[in-house]
C-alpha cells in the first residue's frame, strides 16, 4: 500500500463544488460520465435522499452518471436537477429511445442553522458544480456540501464546531484504487481512529471539547430537532463489481463512520453512503469494502482538519491548545 490521495484518483471520477459563502451552503458533484455501477446504504434515522431505490440490485438501472451531495436539507435535492441538465446537454444518460435520462442519485445534509436558512443549493448551483467538475485534486474544507457543515451538536448548536468536506484514496500495487469523499455534518464528535484523539466535538462552558456521551448522560437528549444532522459520502473504486457487490461495499464503508464519529447513525442523523465502481481491475468485494471503510475514515478526519472557523463556530485547526484539552464534564 502506498500514498493516499483523493477520490478523483479513481479512473472515470471527477469532482466539482459550488457554494454560497455568505449563506454558508453548497453542493458537491461526483461525476462519472462514462457510467459507474452504484450502490447505497442508509443508516441514519432521518435521511434526505433521491433515486436510491433504483440502486437496489433487483432494479433495472445498472449505472449512474453522477452523485450529488448537497446542503440545504430536503430543499437541496433540487441541485440534482441542475446536474441532470448539465449531463443531458452532453447527451449523457440512460438511453430510453426518445431521450437520454441522466441517472443522478443524491443526498442532503442539514445546514440551515448556519448562515442564511432561506438560501439553499438549487438547480443552478448543481449545474455550476457539475460544470466545474474535474480530475484535479479535490478542494477540501469549507467548500461544496461542506460549506455549512458542523459537528458536535449534542450540547446544542451554540456549542458545535465547524466541519467541512474531506477526501482520501489509496493505491495498491495491482492497480486497484479506492477513494472516498465525505461531507461531515454529524451530531456527534469526531476522533482520529489511529490515536483516539478527539478532534472536534461539543464544547463546555470554558470552550473545551467535551465528550458527546456526557451530554447525553446528563440531559438524555440533544436540544436539537431530529434529522438536523447527517454525514453524506461517496466511496469509489476501479474494481469490477456488480450491483449486489457495490451495495455491500456501501454497507461495509459505514464502518469508517463508526471509527471516527461518536455517536453515529442516531435519530438526529441521516447518514448515507453511496458506492461506485468504474471497473478495470479484478478485486474481491471484501477487499474493496475493507479499504473503503479505511479511506472513508481518513476522509472524515480530513473534513474536520481542513475546515476553517465560520459562522461564529470554531474549527479544530483554530482552537487554542487549552481548548483542545478534553473536558471530563466536571
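No value in this document is a laboratory result; all are computed from the given coordinates. Since the model is a prediction, treat every value here as computed from it, not as a measurement. Here Cβ is always computed from backbone atoms with ideal geometry, including for glycine, and neighbour counts include all displayed protein chains.
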Subtracting the Cα-Cα distance from 0.36 nm times the residue separation, let me have the gained length for residue 290 to residue 58 in nm, one decimal. 81.1 nm
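Arranged from highest to lowest average of other beta-carbon atoms within 10 Å per residue, in what order do the peptides 202-215, 53-66, 173-186, 21-34 appear?
Numbers: 202-215: 19.1, 53-66: 16.3, 173-186: 26.4, 21-34: 24.7.
Ranked by mean Cβ neighbours within 10 Å, highest first: 173-186, 21-34, 202-215, 53-66.
Quick one: work out the % antiparallel among DSSP beta bridges in region 7-327, nearest 5. Don't skip to the answer; put the middle values down first.
On the way: 48 of 61 bridges.
So the antiparallel bridges in region 7-327 amount to around 80 percent.
Can you classify region 1-134 as rounded, prolate or oblate using the Cα gyration tensor, where a ≥ b ≥ c are the square roots of its eigenvalues, rounded means a/c under 1.5, and otherwise it's prolate if a/b beats b/c and oblate if not? Could the numbers behind the result be given before it?
On the way: a/c = 1.41, a/b = 1.33, b/c = 1.06.
Verdict is rounded for region 1-134.
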Most packed first (mean Cβ within 10 Å per residue), the peptides 90-96, 256-262 order as 256-262, 90-96
What angle, in degrees between 0 and 90 and rounded to the nearest 10, separates the Cα long axis of helix 243-260 from the longest principal axis of the Cα atoms of the chain? 20 degrees
What nm value, rounded to one decimal, do you get for the distance between residue 88 and residue 267 when each label is placed 7 Å out toward the C-beta? 4.1 nm
Between 274, 110, 75, where does the largest GNM mean-square fluctuation fall for the chain, given springs only between Cα atoms within less than 10 Å? 75
Quick calc, residue 216 & residue 309: beta-carbon distance into FRET formula, R0 25 Å, rounding 0.05, result 0.45
So in region 148-307, what percent of DSSP beta bridges are antiparallel if you round to the nearest 5? 75 percent
Calculated FRET efficiency for the pair residue 174/residue 45, C-beta based, R₀ 41 Å, to 0.05: 0.60
Most fluctuating of 14, 197, 248 in the GNM of the chain (C-alpha, under 10 Å) is 197
Residue 123 and residue 101 label points (each 7 Å along its Cα→Cβ direction) are spaced in nm at 1.6 nm
